[in-house]
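This report concerns only the one structure given below.
The values are calculated or read from the model by the stated rules, or taken from the named source; none is laboratory data. This one's a predicted model, so the numbers in the text were calculated from it and none came from an experiment. Because the Cβ atoms are built from the backbone with ideal geometry, glycine has one as well, and the counts that use them run over all protein chains shown. The protein model used for the area step is the full one, side chains on, heavy atoms only, and it has no ligands, DNA or RNA in it. Shrake-Rupley method; radii C 1.70, N 1.55, O 1.52, S 1.80 Å.
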Amino acid sequence: KRRQKIVDNASQLHFSVPVQFALSTSRSNNLLHAMGPSNRSSSVESFKVMDVLRRANQLETEGRTIYHCEVGQPETGAPALVAQAAISALNGSPDESRMGYTDAFGLMPLRENISKYYAAKYAGVPVDRIGAERIVITTGSSGGFLLAFTACFDAGDVIAIASSGYPCYRNILQALGCQLANVPVSKEFKLTAVELREEIQRRKE
């Protein structure tokens, strides 16, 4: 009845909802404290490079000189043209500003330009494979991995993964409830059909 009264009385909605939310949040926190973390969160290992980065940052705040080799990122910053475009997107006129929701797959003009870039760079690739409707803009590669993995795999699926590769694959797949098949790479540090076939045969035995 209380919830119905809050919803029906539109004039009080802005005042009642935060109070209701605060009460619900407090109860949720108490419940979470009693339950503890989920089994899923306990089973997923931390992303080690971020552990190293956190410790390096702590030492840096203590006055230590740190040479960061733990994360791969450019040292030169964004190109001037990109930086200016970002400023225009934040402070420009309504026609220039991009402060707000976009299409879920990203701005269409951006996707179209990416499509054209791929068509020019990768000659011979069918146009229908690199059309703008097949391109999704994400906030970094991890967001892209999450979308791709949830689209391709279900919880419980066994996913072959190279013994030497990007560590975050493991973290995301484990968080999604997938099982990992660790496949040794070749002497050339590659994962080919040969290694996959050997792993499949080993699991059949």
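Dipole check for the range 88-205: with +1 at the C-beta of Lys and Arg, -1 at the C-beta of Asp and Glu, and the Cα centre as origin, the magnitude is about 360 Debye. Stretching residue 125 away from residue 162 to a fully extended chain increases their span by 10.6 nm, per 0.36 nm per residue minus the current alpha-carbon distance.
In the context of the full set of protein chains, the range 116-194 has a per residue accessible area of 66 Å² (1.4 Å probe). Label sites at residue 203 and residue 58, each approximated as a point 7 angstrom past Cα along Cα to Cβ, lie 3.8 nm apart. By the rule of a C-alpha distance below 20 Å, with chain neighbours fewer than 8 residues away ignored, the aspartates and glutamates paired with residue 48 are 60, 70. For residue 189 and residue 134, the FRET efficiency from 1/(1 + (r/R0)^6), where r spans their Cβ atoms and R0 equals 30 Å, is about 0.50.
The label-point distance for residue 147 and residue 51, in a model that sets each label 7 Å from Cα toward Cβ, rounds to 3.1 nm.
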